[in-house]
């Protein structure tokens, strides 16, 4: 049976397809795609999920799916949805499913003042694999006590610096300077226990530490502002809030979902007069007790993630010092979150709005005149970090030189899955893949069986195509292409 949304789909300018409002939708939905990109998607569930998000109470503007969109929990991965904070008596909705289970999963890019020929890639890959804690467990993490844990949850990356797991000059190159405002820090005991031994660990799945070489510059002035040049070595770190964030999300999803009951029209929360098409979209008014509790706990978990990437950066610095005698002149280019909800000011339909912007598998792409950005990005735009797969390339993009884009200043966050993890394991042999990558000069070290098959290049979309669509849709422009040569996986 043809999905209902297909009858409402039409082109909407370069790199964009629009699904007109229909059924229970309160707004239109926009996919960053073209007809060819759409034809490669045989799974109808992601656009259907996007249409479902357009029914969230208080939604303002369009519901968006970035070019790397694919199926997720409630929201599609790549989803960007904003609600009006001032809608109704208790404000528009906030939905944990619009953030995801790995709260503040994100990417940090570091630039080194060395060329790829200055190092032995294989030896360095081995050292990183040996000394960077990775995998599903928290083995090798920094052990925190109650006091240090409290400071991490309230102060984020700055607390990691105070503990010796970061450097103060890094803070200006982190989204929100590495801290989100969390007052109550309503983190449950189980989440706390999971976080107190996992700081400075990568985790598993699609998380990684990758060494790359800048193989192409697309925007010279932006690259110079970011400290990037052709032939230079970079390091990209992709991880989030580990088990702490997952536990926080799980607990708050359960609390908010319990308010809903099944009816013929969908899922209804009588207390708030909310109606949704999918229980996984379970949302609470942002100023309700449940909404405030989730937002505060989400921010605390987000601070943990900022601190986690800081600690991993410091581990990388220490390993470089051991092997090279210096840290390679490592400087943080930027650190972006791609699983978060933030209260921001945007202009929607010509009017200023205080919005709660959910970005699930999407990053911010702020304009160069945004007050949050460091002065070196003025007139250039925020660095947007887009990891690809371990066999092809990653990209650095830039937000607008001034102002924001109409997708709530958002952009894609990666290549986007083409195959589910189950399908990838069935189709791809991890050992064969590792041999193939090694032959291509990409030294991959993974601790978890099957993770290479799950994260293989063939399991992902063509990242260059994702970048092309993002650029065509006028969301962010290409700055530099980065080719991997050493990859550490969990």
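Brief remarks follow.
- Check on residue 255, at pLDDT 95 or above and either within 19 Å of the chain's Cα centre (by Cα) or crowded, with 19+ Cβ neighbours inside 10 Å (or both): no
- Residue in segment 401-420 that is farther than 26 Å from residue 27 by Cα, over 14 Å from the mean Cα position of the chain (by Cα) and buried (at least 24 other Cβ atoms within 10 Å of the Cβ) present: no
- Among all residues of segment 32-54, there is none that is within 29 Å of residue 140 (Cβ to Cβ), touching a helix residue (DSSP H, G or I) at 6+ places or on another chain (Cβ under 6 Å), assigned to a helix (DSSP H, G or I) and in contact (Cβ under 8 Å) with a residue 40 or more places away in the chain.
- Verdict on residue 204 being surrounded by fewer than 23 Cβ atoms within 10 Å (Cβ to Cβ), at pLDDT below 95 and in contact with a strand residue (DSSP E or B) (Cβ under 9 Å, 6 or more places away or on another chain): yes
- Of all the residues in segment 131-163, those that are part of a loop (DSSP other than H, G, I, E, B) and either modelled with pLDDT of 95 or more or buried (at least 18 other Cβ atoms within 10 Å of the Cβ) (or both) number 11.
- Residue that is nearest to residue 131 (Cα to Cα), among those in segment 272-289 that are surrounded by fewer than 23 Cβ atoms within 10 Å (Cβ to Cβ) and in contact with a helix residue (DSSP H, G or I) (Cβ under 7 Å, 6 or more places away or on another chain): 280
- Positions within segment 55-69 being without any contact (Cβ under 8 Å) to a residue 60 or more places away in the chain and closer than 20 Å to residue 103 by Cα, in sequence order: 65
- Sole residue being more than 30 Å from residue 459 (Cβ to Cβ) and without any contact (Cβ under 8 Å) to a residue 60 or more places away in the chain, chosen from 220, 291, 266, 227: 220
- The strands (runs of 3 or more DSSP E) found entirely in segment 382-490 that carry 3 or more residues being closer than 25 Å to residue 108 by Cβ, touching a helix residue (DSSP H, G or I) at 6+ places or on another chain (Cβ under 9 Å) and in contact (Cβ under 8 Å) with a residue 24 or more places away in the chain are 383-386, 394-398, 443-446, 477-489.
- Only one entry in 300, 341, 362, 307 is over 27 Å from residue 151 (Cβ atoms), at pLDDT 95 or above and crowded, with 20+ Cβ neighbours inside 10 Å, namely 362.
- Qualifying position, being buried (at least 24 other Cβ atoms within 10 Å of the Cβ) and out of contact with any helix residue (DSSP H, G or I) (no Cβ under 9 Å at 6 or more places or on another chain), among 92, 100, 88, 78: 92
- Residue that is surrounded by the fewest Cβ atoms within 10 Å (Cβ to Cβ), among those in segment 226-236 that are over 19 Å from residue 134 (Cα atoms) and within 23 Å of the chain's Cα centre (by Cα): 227
- Looking only at segment 379-396, and only at residues there that are out of contact with any strand residue (DSSP E or B) (no Cβ under 7 Å at 6 or more places or on another chain) and modelled with pLDDT under 95, the one that is surrounded by the fewest Cβ atoms within 10 Å (Cβ to Cβ): 392
- Wholly enclosed strands (runs of 3 or more DSSP E) of segment 269-378 bearing at least 1 residues out of contact with any strand residue (DSSP E or B) (no Cβ under 6 Å at 6 or more places or on another chain) and farther than 22 Å from residue 398 by Cβ: 274-276, 351-360
- With respect to the conditions (1) over 20 Å from residue 76 (Cα atoms); (2) surrounded by fewer than 17 Cβ atoms within 10 Å (Cβ to Cβ), residue 260 falls short on a single one, namely (2).
- Within segment 103-130, being surrounded by 15 or more Cβ atoms within 10 Å (Cβ to Cβ), assigned to a loop (DSSP other than H, G, I, E, B) and out of contact with any helix residue (DSSP H, G or I) (no Cβ under 6 Å at 6 or more places or on another chain) holds for 105, 119.
- Residue satisfying condition, being on the phi > 0 side of the Ramachandran plot, under 17 Å from the mean Cα position of the chain (by Cα) and in contact (Cβ under 8 Å) with a residue 60 or more places away in the chain, within set 72, 106, 78: 78
- Any hit, segment 180-198, residues being closer than 19 Å to residue 295 by Cβ and in contact with a strand residue (DSSP E or B) (Cβ under 7 Å, 6 or more places away or on another chain): no
- Extreme residue, surrounded by the fewest Cβ atoms within 10 Å (Cβ to Cβ), among residues of segment 164-195 that are at positive phi and in a helix (DSSP H, G or I): 177
The values are calculated or read from the model by the stated rules, or taken from the named source; none is laboratory data. None of the values given here were measured: they were computed from a predicted structure. Every residue, glycine as well, gets a Cβ built from its backbone with ideal geometry; the counts of neighbours run over all protein chains shown.
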